[in-house]
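Notes follow once the structure below has been shown.
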Amino acid sequence: MAKPKKGKVLEHLIQAYTMECETILNYLANSVMLDGVRAEEIKSSLAADVAEELTHATELAKRIKQVGGRVPGSLSLDFGQKVLQPPKDTTDVTGVIKGVIAAEQAAIDNYKKCIKACEQEDDYVSQDLCIRTLADEEGHLIQFKGFLKEYEKR
Ligand SMILES: [Fe+2]
Ligand SMILES: [Fe+2]
């Protein structure tokens, strides 16, 4: 039997790596740029997430190499996370929370696609990585949805 080709899975892994890298940059920027008393909790939460997203990116990079792909350098990364650009109004904490929710949802959607593609390609190691990472992203999503509930009240 022919070995299953690593086509779609590799594409999704590279997409996931790209999204993790962009999220790291934007969480970092927002964790520094936001101002005000209401921003403090969100800033420290984002700063902690930078480390977690970096772990995700690192694990993805290792897996991309293992399946015979190339880890892209900065000039090959296709960024487009409009929702998470640091806002002009640096007290717009709610806007950043909404951006985080959108970014986490986009990551979740990509991991789910990758998990399905892994099934087609018999790639259970990539699938395991994506499932574990998906669990982290779902945790982030729930946390920021909770923040939004509170921040929209004030
Ligand atoms: Fe992540
Ligand atoms: Fe996340």
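General remarks:
- Members of segment 34-60 found to be surrounded by 14 or more Cβ atoms within 10 Å (Cβ to Cβ) and of a type outside the set (A, V, I, L, M), listed by number: 38, 43, 45, 49, 52, 53, 56, 59
- Selected residue (criterion: farthest from ligand 1 (Cβ to nearest atom)) from residues of segment 63-75 that are in contact with a helix residue (DSSP H, G or I) (Cβ under 9 Å, 6 or more places away or on another chain) and free of Cβ contacts under 8 Å to residues at least 60 places away in the same chain: 70
- Condition broken by residue 96, with the remaining ones in (1) farther than 18 Å from residue 129 by Cβ; (2) without any contact (Cβ under 8 Å) to a residue 12 or more places away in the chain satisfied: (2)
- Those residues of segment 84-98 which are surrounded by 16 or more Cβ atoms within 10 Å (Cβ to Cβ), away from ligand 2 (no atom under 12 Å from the Cβ) and within 13 Å of residue 29 (Cβ to Cβ), in sequence order: 86, 87, 96
- Output for segment 100-150, where each listed residue is in contact (Cβ under 8 Å) with a residue 60 or more places away in the chain, surrounded by fewer than 20 Cβ atoms within 10 Å (Cβ to Cβ), away from ligand 2 (no atom under 14 Å from the Cβ) and assigned to a helix (DSSP H, G or I): 113, 120, 125
Readers should treat all values here as calculations from the given coordinates under stated rules, not as data from a laboratory. Given the structure is predicted, the values throughout are model-derived calculations rather than measurements. Note that each Cβ is placed from the backbone with ideal geometry, even for glycine, and that neighbours are counted across all protein chains shown.
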